[in-house]
Amino acid sequence: MDKFFTSVQLDEELCKGCINCIKRCPTQAIRVRNGKACITKKFCIDCGECIRICPHHAKKATYDPLSVMNDYEYTVALPAPSLYGQFNNLDDVNIVLTALKRMGFDDVYEVSGAAELVSEMSRKYVEKHKEKWPIVSTACPSIIRLIRVRFPNLLDHLLPIQAPVDLAAAVARQQAMEKTGLSTDKIGIIFISPCPAKVSAVKTPLGIDKSNVDAVLAIKDVYPVLLGFMKEAVDHIEDLSISGKIGVGWGNCGGEASGLLTDNYLAADGIENVIRVLEDLEDEKFSNLTFIELNACSAGCVGGVLTVENPYVAKVKIKRMIKYMPVAMNHLPKKEELQKAYLSINPFWTSRVEYEPVFKLGDNLKEGIEKMSLVEDYIKKFPGLDCGACGAPTCQALAEDIVRGVAKEKDCIYILKQKIHKISDEFSELE
């Protein structure tokens, strides 16, 4: 299994070699070489920022086509809470859930329902582990990947509970097997996702050995098909919803944190803001915080690049929709034997997320110091403009690329210009 699998891919035919993407990538995973952008997989955290910013649509997310529904005898749809924010004047989520069944799914299980279970488990975990405060949310796969490669000192702060989509998939599979008697390979658990990070989380999960999700569809592909079936579903609505305010609220930034029923939290959205929060957390600037919710996308999951609605409009839609919902509809059973039957899986992580030193320059401390010294020498030669004309986002990034052996000094236009002038002067003297 490729531990650095990335859903974000480049379409070279559409790429014009501009530098929009290299300037916005939060982990400097993109370079422009030979007139085309290239993505360094081990640096990429699948935040989708390059997809959002590329004016030529050369960055794309890989996910499954709608036809994947035909690969299984029995399919269960896992709609993300952010799906509800895509529709105008939606006052009952059962309309969407009924339409999903009419669309071809045999059953549905709301990810927001599992989110309420995760909220309940998170409350108990936060109360018992005060030594790890503030505890950092792990619902966004991009955040886990970012911390894994850039903030190793914060790994112990991660909440070791499965993301709602993984828990929903496990419960949905268990219920489908009990209901149909089919073997697990004949049942397709299909997640309807707002972002490419969720695709990577399914292919190469962190914290668990294997995801129970079989396929991932994009909200933007499901949305136009679903609209037609929603008109039909209005007259014959099935009561399928298992979540309330807490679960559906997870679609917005702050939704997960508010589900902990505490005011001692911080919620940040947008990858640049997230990085600032993590830097401050690493510098121990926060005090008396119990929980930190971080979302790579602006406004939360409703801002994912695989959605169709403006994220801030979608956020308002969800807020309006949950106004009269019950606080929560899905709870962990109180009796231990019932809880075990309901959740035959371990809802906690089964493996630790380890630091991946992808940005290191040497194999050991001595070599790393020597190479850092070389980097500093190159930086002194460069103009410090961070213009991106060399194909790297900053002068320091170019210096590091040179030390790694993947770039040359003359890639800097400033250095190349100096060499051309020097050669020109030498020719003039010879003449």
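The values are calculated or read from the model by the stated rules, or taken from the named source; none is laboratory data. The shown structure was predicted, so the numbers you read here are calculated from the model rather than taken from an experiment. Here the Cβ is made from the backbone with ideal geometry for all residues, glycine too, and neighbour counts use every protein chain on show.
Observations on the structure shown:
- Within region 252-338, helices (runs of 4 or more DSSP H) holding 2 or more residues that are of a type in the set (Lys, Arg) and at negative phi: 311-321
- Among residues of region 277-288 that are surrounded by 10 or more Cβ atoms within 10 Å (Cβ to Cβ), those with a Cβ under 6 angstrom from a residue that is in a helix (DSSP H, G or I), sequence gap 6+ or separate chain, pair up as 282/153.
- Pairs are defined by a Cβ separation below 8 Å, a sequence spacing of at least 6 or placement on different chains, a first member in region 169-180 that is buried (at least 20 other Cβ atoms within 10 Å of the Cβ), and a second member that is part of a helix (DSSP H, G or I); the pairs so defined are 171/114; 171/342; 173/184.
- Filter pass, residue 202 being touching a strand residue (DSSP E or B) at 6+ places or on another chain (Cβ under 6 Å), among the aliphatic types (A, V, I, L, M) and modelled with pLDDT of 95 or more: no
- Residue match in region 187-208 (condition: in contact with a Cys (Cβ under 8 Å, 6 or more places away or on another chain) and not in a loop (DSSP other than H, G, I, E, B)): yes
- In region 335-362, the residues that are among the hydrophobic types (A, V, I, L, M, F, W, C) and at pLDDT 65 or above: 345, 348, 349, 353, 358, 359, 361
- Residue 165 of a type in the set (A, V, I, L, M), in contact with a helix residue (DSSP H, G or I) (Cβ under 8 Å, 6 or more places away or on another chain), assigned by TED's automatic domain parsing to the domain that holds residue 309 and surrounded by 24 or more Cβ atoms within 10 Å (Cβ to Cβ): yes
- For region 386-431, the set of residues classified as over 27 Å from residue 362 (Cα atoms) and of a type in the set (Ser, Thr, Tyr) consists of 414, 424, 428, listed by residue number.
- Residue count, region 306-329 (criterion: of a type in the set (A, V, I, L, M) and at pLDDT below 95): 6
- Looking only at residues in region 60-92 that are modelled with pLDDT of 95 or more and β-branched (Val, Ile, Thr), the one that is surrounded by the most Cβ atoms within 10 Å (Cβ to Cβ) is 76.
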